[in-house]
Amino acid sequence: MVKKSTKAIVRIITGAVLAFILARIFRPESGPVFAAVLFVVMVGAAYGLELLHKRDKQ
């Protein structure tokens, strides 16, 4: 089983890389604030979906 801290680190790194890439592809004129907001949304969605997944199992 994966530790919670390892899972969080992987989500943060993956979210940051994907947010930067997606921001540059779809909104190249946007600043770093857009990428930061996209990062928060993506990582928040990952935790939200995990919460829904765990709730369905119980």
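Rule-based calculations on the coordinates, nothing more; no lab input. These figures come from a predicted structure and were not determined experimentally. Please note: Cβ atoms are built from the backbone with ideal geometry, for glycine as well, and neighbour counts cover all protein chains shown.
Return the residue satisfying two criteria in turn: it lies in region 3-21 and is among the basic types (Lys, Arg) and assigned to a helix (DSSP H, G or I), and of such residues it is nearest to the chain's Cα centre (by Cα).
Taking the candidates together, the pick is 11.
Please go through region 22-58 and pick out each residue that is in a helix (DSSP H, G or I) and of a type in the set (D, E, K, R).
Step one: list which residues in region 22-58 are in a helix (DSSP H, G or I), which gives 22-26, 32-57.
Across region 22-58, the qualifying residues are 24, 50, 54, 55, 56, 57.
Within region 26-42, which residues are exposed (fewer than 14 other Cβ atoms within 10 Å of the Cβ) and of a type in the set (A, V, I, L, M)?
The answer is 33, 37, 40, 41.
For the structure I just gave you, tell me whether residue 34 is touching a residue at least 24 places away in the same chain (Cβ under 8 Å) and under 14 Å from the mean Cα position of the chain (by Cα). Walk me through it before giving the result.
On the way: touching a residue at least 24 places away in the same chain (Cβ under 8 Å): no; under 14 Å from the mean Cα position of the chain (by Cα): yes.
Considered against the rule, which asks whether it is touching a residue at least 24 places away in the same chain (Cβ under 8 Å) and under 14 Å from the mean Cα position of the chain (by Cα), residue 34 comes out as no.
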